[in-house]
1. Go over the candidates B:G196, B:G191 one by one and state the one that is under 20 Å from B:E267 (Cα atoms), crowded, with 19+ Cβ neighbours inside 10 Å and assigned by TED's automatic domain parsing to the domain that holds B:E98.
2. Being touching a His at 6+ places or on another chain (Cβ under 7 Å) and either farther than 28 Å from B:L238 by Cβ or away from ligand 6 (no atom under 16 Å from the Cβ) (or both) narrows it down to one residue among A:P243, A:P289; which is it?
3. Could you please let me know if A:I142 is surrounded by fewer than 24 Cβ atoms within 10 Å (Cβ to Cβ) and closer than 24 Å to A:M208 by Cα?
4. Report, by residue number, each residue of region B:229-279 that is surrounded by 20 or more Cβ atoms within 10 Å (Cβ to Cβ) and closer than 30 Å to B:F303 by Cα.
5. So, in region A:302-334, how many residues would count as being more than 12 Å from ligand 4 (Cβ to nearest atom), part of a strand (DSSP E or B) and of a type outside the set (K, R)?
6. Quick check, is A:K117 within 17 Å of the chain's Cα centre (by Cα) and without any contact (Cβ under 8 Å) to a residue 24 or more places away in the chain?
7. Look at region A:90-108 and say how many of its residues are under 17 Å from the mean Cα position of the chain (by Cα) and buried (at least 24 other Cβ atoms within 10 Å of the Cβ).
8. Considering only residues that are within 11 Å of another protein chain (Cβ to nearest Cβ) and among the charged types (D, E, K, R), which ones fall in region B:16-61?
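The values are calculated or read from the model by the stated rules, or taken from the named source; none is laboratory data. Keep in mind that what you see is a predicted model, and the values were worked out from it rather than measured. Cβ placement follows ideal geometry from the backbone for every residue including glycine, while neighbour counts extend to all protein chains displayed.
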There are 2 protein chains.
Amino acid sequence: MPFLNYSIVVHNFNAGPSILPKEVFEQASQAILDYNGTGLSILEIGHRTPLFQEVVDEAISTTKELMKLDSDHEVLFLHGGASTQFFQIPMNLLNEQETAAYLDGGVWGKKAIKEAKLYGKVEVVASSKDKNYTYIPKGYAIPADAAYFHYTTNNTIEGTQMHAIPETNVPLVADMSSDILSTVMDFNRFGLIYAGAQKNIGAAGVNMVVVRKDMLGRVTRPLPTMMDYREHIAAGSLLNTPPVFAIYVCMLTLRWLKQLGGVAAIEAINNRKAGLLYDTLDKLPIFRPTVAKEDRSKMNVVFVMDDEALEKEFLAECKANGMVGVKGHRSVGGFRISLYNALPLESVRVLTELMNEFALKKA
Amino acid sequence: MPFLNYSIVVHNFNAGPSILPKEVFEQASQAILDYNGTGLSILEIGHRTPLFQEVVDEAISTTKELMKLDSDHEVLFLHGGASTQFFQIPMNLLNEQETAAYLDGGVWGKKAIKEAKLYGKVEVVASSKDKNYTYIPKGYAIPADAAYFHYTTNNTIEGTQMHAIPETNVPLVADMSSDILSTVMDFNRFGLIYAGAQKNIGAAGVNMVVVRKDMLGRVTRPLPTMMDYREHIAAGSLLNTPPVFAIYVCMLTLRWLKQLGGVAAIEAINNRKAGLLYDTLDKLPIFRPTVAKEDRSKMNVVFVMDDEALEKEFLAECKANGMVGVKGHRSVGGFRISLYNALPLESVRVLTELMNEFALKKA
Ligand SMILES: Cc1ncc(COP(=O)(O)O)c(C=O)c1O
Ligand SMILES: Cc1ncc(COP(=O)(O)O)c(C=O)c1O
Ligand SMILES: [Mg+2]
Ligand SMILES: [Mg+2]
Ligand SMILES: [Mg+2]
Ligand SMILES: [Mg+2]
């Protein structure tokens with residue numbers, strides 16, 4: 001049992017909520033007993049105190065630094081999950097007579113399309129539904145007069161990822177829930193970026209929204225106060241009682257990433273993790289990745305085995321070796337291995353060793 | 001310094017986020033390192049696993065038990081703060097041509113009124129704004145054809161509380177953010193109850209919503225999926241990734257309340273805490289409660305001193321004696337002492353002793 005050589009007991013490949021850095025767990029646990037020596041739990045401090053203001057300030061400034069954002073962009077930490085943004089975005093950005101362009105690249109993008117239709121016209125510029133979303137659509141045209149173009153950078157369920165930012169003059173709106181801050185990109189090219197925190201940046205219960213200010217104030221419909229990005233900007237993410245603890249965990253995770261060397265540093269590690277896993281999958285005939293090679297996700301690696309009995313057996317092996325979260329999404333089947341920022345390379349080594357062993361045993 | 005006789009170092013009178021039971025802090029802290037011996041943090045477990053299903057199930061069933069809810073009522077744990085409900089309620093319950101009746105009893109009720117106007121007609125049946133919301137309006141009529149009647153059971157900022165449920169056939173909708181589960185009442189009489197968790201039931205970042213099923217499905221407007229109560233009911237509060245940790249803390253706090261003996265038991269303790277504090281305020285001429293006697297809140301006790309220099313001095317004394325969160329809301333001034341469920345009687349004893357001492361010194 002080679003995994004006994006490793007220091008980690010559980011290997012958490014969950015798709016989200018998912019593994020966070022060990023230091024973050026330790027600091028968050030401590031802060032619940034006594035936040036920074038105040039004698040108070042982080043759960044019982046007022047959100048309008050200097051104690052919490054520091055947390056929000058650091059979460060925002062670290063995000064700006066990691067993303068190298070220019071001064072046109074604002075960073076918000078908002079209530080809700082990424083699904084909340086599916087409707088909050090068109091509510092804020094799309095007038096009824098206008099058209100928003102959407103890419104239908106996976107289950108999550110499809111859900112975003114559904115909500116946008118409540119607020120204006122939606123043009124789906126391309127879809128990969130024909131092949132079960134196993135590739136990223138290419139060669140489509142984005143109407144020049146679209147209010148924005150929405151796409152999902154990483155399709156968490158299907159395991160595809162867009163490796164380049166589309167070239168267009170239409171404002172880009174991106175759901176980066178499952179690959180935010182995992183790879184170097186020009187974040188300033190986006191009109192709006194959003195991500196549920198529970199994969200790469202923190203705990204469930206908060207959204208990160210990065211918005212270019214000129215995107216706002218264009219819609220004519222009246223907005224509920226809590227849904228209006230401008231209200232949250234004016235209040236510095238403290239419009240009402242924010243999800244205090246979830247923001248605190250984001251701050252710790254962002255700080256960890258910064259101390260590690262930022263996005264370029266984590267990208268190098270992520271490349272090694274994904275490289276090792278895909279190389280193993282390609283080498284071993286028993287495992288079959290489901291996704292077009294050039295569109296493979298570095299965050300969620302999806303594969304199947306052609307024999308269902310073998311799949312069950314391998315799943316049991318994973319479990320016996322302390323691995324959790326390896327089962328594929330019910331809509332795809334097989335396996336999904338999530339390799340988010342906080343997942344140690346070690347966990348991928350343990351998994352690939354198990355794969356090699358298993359393939360040998362079955363050869 | 002009499003406070004040295006007490007075991008608590010900090011006395012947390014915060015208005016929210018606010019003190020939670022010590023056991024809850026300890027259990028939550030431990031769960032972040034290792035949730036129930038799984039080797040996983042509560043922050044990294046999947047929300048669709050049996051591990052978390054248990055948490056949601058217990059949170060919901062304990063709420064039903066504590067509130068003695070009948071089978072017509074559903075319990076939801078939703079993203080956002082109580083301010084999110086200010087618009088989500090009329091969005092779900094009020095057609096454009098219909099009228100909702102609102103009581104204008106304080107700052108929070110006023111904000112709820114503003115959001116409701118986006119969705120239909122609003123009739124403000126009474127207001128205590130004329131006297132800075134220092135009393136609860138009485139003797140008003142609720143139009144019989146109103147879609148619902150909305151009021152705030154406890155006005156957190158102003159320190160007033162409604163001690164009886166209004167008699168009406170119109171469905172009752174109540175913001176119980178700051179006194180939920182603090183006093184025995186017939187929760188089944190409400191069409192909808194909501195409360196931000198961060199006072200009596202848990203940590204910031206989640207709302208409890210209790211809704212009678214026949215309230216739903218009446219509005220004709222299309223609802224965004226994430227805003228539709230029916231969707232959340234159908235999904236058992238797991239429509240998307242919920243605020244996992246905030247729900248966990250709710251579950252622990254609800255469990256604590258149940259083990260303590262439920263709402264009747266905590267009401268007895270709350271009565272002692274509020275009784276001791278109001279008796280002291282009434283006895284000492286130097287402190288002046290601002291609220292009409294019959295409308296006094298047992299959760300937020302508001303008072304002033306007639307001399308600003310003395311207020312500063314007393315505030316400093318409180319601070320020196322380990323008390324936090326005693327300063328009044330900026331809109332009222334003076335002092336606000338929050339006595340939520342988890343605040344120990346001991347803390348009120350320490351405070352009232354300090355008051356007695358201070359009054360003696362200044363006599
Ligand atoms: C790419 C993507 N978008 C949206 C969502 C939905 O996020 P939430 O559950 O926070 O609403 C997910 C969830 O996994 C996701 O992976
Ligand atoms: C009675 C009441 N309603 C609503 C709110 C607003 O709650 P939130 O900050 O969770 O939006 C508060 C906040 O203190 C409150 O006391
Ligand atoms: Mg998708
Ligand atoms: Mg292979
Ligand atoms: Mg109020
Ligand atoms: Mg007095």
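1. Details: B:G191 fails: under 20 Å from B:E267 (Cα atoms).
Within the list B:G196, B:G191, the selection yields B:G196.
2. A:P243
3. So A:I142 does not fit the description; no.
4. Residues satisfying the conditions are B:T253, B:L257, B:V263, B:I266, B:N270, B:K273, B:A274, B:L277.
5. Residues that pass the stated criteria total 3.
6. no
7. Within region A:90-108, residues that are under 17 Å from the mean Cα position of the chain (by Cα) and buried (at least 24 other Cβ atoms within 10 Å of the Cβ) number 2.
8. Matches in region B:16-61: B:K22, B:E26, B:D34, B:E44, B:R48.
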